[in-house]
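Notes to accompany the following structure.
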Amino acid sequence: MKLLNPTTAIVKKFSILAVTTTAIALGAINSVQAAAVTFEGNLSFGSTQTGVVPGGDNTGNPSEWKFWSFSGNAGDIATVTVRRAVAALDPAFGVWFGTEADTSDYTDIFADGATTPLIAIGDDDLPPAIPAGLWGDSEATFTLPNSGLYTIAVASFASDPSTEPLGYNISLQYSEPVPEPLTIAGTLLAGSIGIVLKRKKSQAISNLEE
């Protein structure tokens with residue numbers, strides 16, 4: 001499971017801090033605004049969709065996130081990948097089990113929601129799809145802890161603060177769960193017992209016919 005790497009996030013936050021200090025001093029800070037959570041769409045396993053996010057560092061501004069949903073079963077292994085479609089975007093995402101009613105119920109792309117636990121995050125896991133892009137693209141592979149609806153939120157991180165929307169591609173892939181060693185051993189043992197019982201039954205029938 002890919003969980004938050006605090007070091008990476010902190011380094012990037014401090015890198016952005018120097019650039020935003022003047023704006024903060026002037027009061028030009030993104031405020032968390034309440035808005036109903038609306039989904040760009042529902043992802044099925046094996047699908048790829050496209051979307052856009054505003055530029056700048058919006059990891060702590062849920063009203064600027066783009067939300068997607070998918071459903072899965074406990075034990076499924078999912079891989080979420082978000083690739084930039086333009087060099088200026090530095091994509092990051094979070095995955096939660098369940099969903100919140102309002103964007104104000106989220107605080108940060110790397111934190112639990114008000115009632116939903118953070119399951120995994122993606123940030124700088126892959127080389128940028130466009131070589132000119134700074135930082136990396138995002139991917140996380142994780143095992144679903146419960147059956148039901150999951151929420152993905154995509155945001156820009158250390159991105160160009162352009163007012164132009166920044167495009168991205170998001171995909172969801174499924175992998176077969178790997179059987180536990182005990183399960184494999186139990187299956188082999190059950191098979192061996194079945195073979196022995198069949199041999200005993202055949203021998204017993206043969207003895208009755210003699």
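The values are calculated or read from the model by the stated rules, or taken from the named source; none is laboratory data. Keep in mind that this is a model prediction, so the values were computed, not measured. No Cβ is skipped: glycine too gets one built from the backbone with ideal geometry, and neighbour counts run over all protein chains shown.
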Here is a check on your reading of the model: is Pro128 in contact (Cβ under 8 Å) with a residue 40 or more places away in the chain and assigned by TED's automatic domain parsing to the domain that holds Asp160? yes
Kindly list, by first and then second residue, each pair from a residue in region 143-169 that is more than 20 Å from Thr48 (Cα to Cα) to a residue that is hydroxyl-bearing (Ser, Thr, Tyr) and assigned to a strand (DSSP E or B), limited to pairs with Cβ atoms under 7 Å and residues at least 6 apart or on different chains. Gly148/Ser71
Which of the residues that make up region 122-158 are touching an Asp or Glu at 6+ places or on another chain (Cβ under 9 Å) and closer than 17 Å to Ser44 by Cα? Glu139, Ala140, Thr143, Leu144, Ser147, Thr151, Val154
Check off (1) over 10 Å from the mean Cα position of the chain (by Cα); (2) surrounded by fewer than 19 Cβ atoms within 10 Å (Cβ to Cβ); (3) at pLDDT 95 or above for Glu164 and give me the number that stays unchecked. (3)
Selection within region 140-163 - farther than 16 Å from Ala85 by Cα, assigned to a loop (DSSP other than H, G, I, E, B) and of a type in the set (A, V, I, L, M, F, W, C): Leu144
Quick check on region 139-161: of everything there that is among the hydroxyl-bearing types (Ser, Thr, Tyr) and buried (at least 16 other Cβ atoms within 10 Å of the Cβ), which residue is nearest to Ile77 (Cα to Cα)? Thr143
Candidate set: region 100-126, residues that are out of contact with any helix residue (DSSP H, G or I) (no Cβ under 9 Å at 6 or more places or on another chain) and not acidic (Asp, Glu); chosen: the one surrounded by the most Cβ atoms within 10 Å (Cβ to Cβ): Gly122
